[in-house]
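Trainee: One structure coming up, written as structure tokens, with questions to follow.
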Amino acid sequence: MAPGGGIFKEVLESHLLTSDYETGKAKSEAKINSTLTKSTSVGLNGKHGTSSKNGVHDLLGCPVCKNLMYPPIYQCPNGHTLCSNCKIEVHNLCPTCHHDLGNIRCLALEKVAESLELPCRYQSLGCNDIFPYYAKLKHEQNCGFRPYNCPYAGSECSVMGDIPNLVDHLKDEHKVDMHDGFTFNHRYVKTNPHEVENATWMLTVFNCYGKHFCLHFEAFQLGTAPVFMAFLRFMGDDNESKKFSYSLEVGAYGRKLIWQGIPRSIRDSHGKVRDSQDGLIIQRNQALYFSGGDKKELKLRITGRIWKED
């Protein structure tokens, strides 16, 4: 079975992709506009209906960041409003009339906001629930329809979307290898492994049980010790990922390391999973021993399988 590596001719080996394995900072609200299509997830609590639509809703938009404002809402002496975050960004000067803002709260607008009911910001992705103004933000942080970040590791990617479109994105844009089946047998190769501190190999995506799983392999410093780590992420929410388990195995010369765990949802960033050490960790000396030969080249074979819990 071929590991990830559309840029390499060797079919049976997954070679080093890049030494920049950070996935970047969390995406801001503005990047939601880069969503690919509608999500197929399930919404959270709320009610269906028509939201409040009037001029007050427009007044609640911050003129600087364009997001809805939540208490404390500030206003200048001329009545221009903006959110608390942007008040700091504009150095306490009104962006409309350039008067000093001071610390004047727009209590009337805060009070009126309590009477509003608004749709989830992911309405266009399938969430049809309506929420009181001050409950809307909390819901959106955990809305089942919110888009997923691209799980690709190796370069920062700001694309967000639902699972089917992210799968297409990984295949078309990142050229990752896509495999059908629940077992795998990969060999990871790197010349001069002693020079590698932070590195990641090409992502591999598996399609089984009607779901998609991402296999990661990388090298980094754990304290002062250089290690290699393999782990699996699930392309879906955390409650779904817990329905599956996986195992990873590496060894040679009568010795073996085995890891068994639950794949982490891609809601958890690549970096978060790596830093939690939730996967198969191999000390560099062990990895070179398993590679055989003169120990000057990493040739590490990892096998594994995915299964669905009853």
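The values are calculated or read from the model by the stated rules, or taken from the named source; none is laboratory data. Here the structure is a predicted model, which is why all the values come from computation and not from measurement. Using ideal geometry, Cβ is built from the backbone for each residue, glycine included, and neighbour counts are taken over all protein chains shown. We work out accessible area using only protein heavy atoms, side chains counted, and drop any ligands, DNA or RNA first. Shrake-Rupley method; radii C 1.70, N 1.55, O 1.52, S 1.80 Å.
Trainee: Taking only the stretch 254-265 into account, find how many residues are part of a strand (DSSP E or B) and surrounded by fewer than 19 Cβ atoms within 10 Å (Cβ to Cβ).
Mentor: Number satisfying all stated conditions: 6.
Trainee: I'm trying to understand the selection: among the residues of the stretch 275-310, which are free of Cβ contacts under 8 Å to residues at least 24 places away in the same chain, open to solvent by 70 Å² or more (accessible area, probe 1.4 Å) and within 29 Å of the chain's Cα centre (by Cα)?
Mentor: Asp275, Asp310
Trainee: So which pairs qualify, if the first residue must be in the stretch 60-74 and closer than 10 Å to Lys87 by Cα, the second must be hydroxyl-bearing (Ser, Thr, Tyr), the Cβ gap must be under 7 Å, and the two must be at least 6 apart or on different chains?
Mentor: Partner pairs satisfying both residue conditions: Ile73/Thr81; Tyr74/Thr81; Tyr74/Ser84.
Trainee: Shifting gears a bit: Got a sec? Which of Asp268, Asp278 is closer than 22 Å to Glu240 by Cα, part of a loop (DSSP other than H, G, I, E, B) and modelled with pLDDT of 95 or more?
Mentor: Asp278
Trainee: Scanning the stretch 234-253 for residues that are of a type outside the set (Gly, Ala, Ser) and assigned to a helix (DSSP H, G or I), which turns out most open to solvent (accessible area, probe 1.4 Å)?
Mentor: Checked the stretch 234-253; the qualifying residue most open to solvent (accessible area, probe 1.4 Å) is Asn239.
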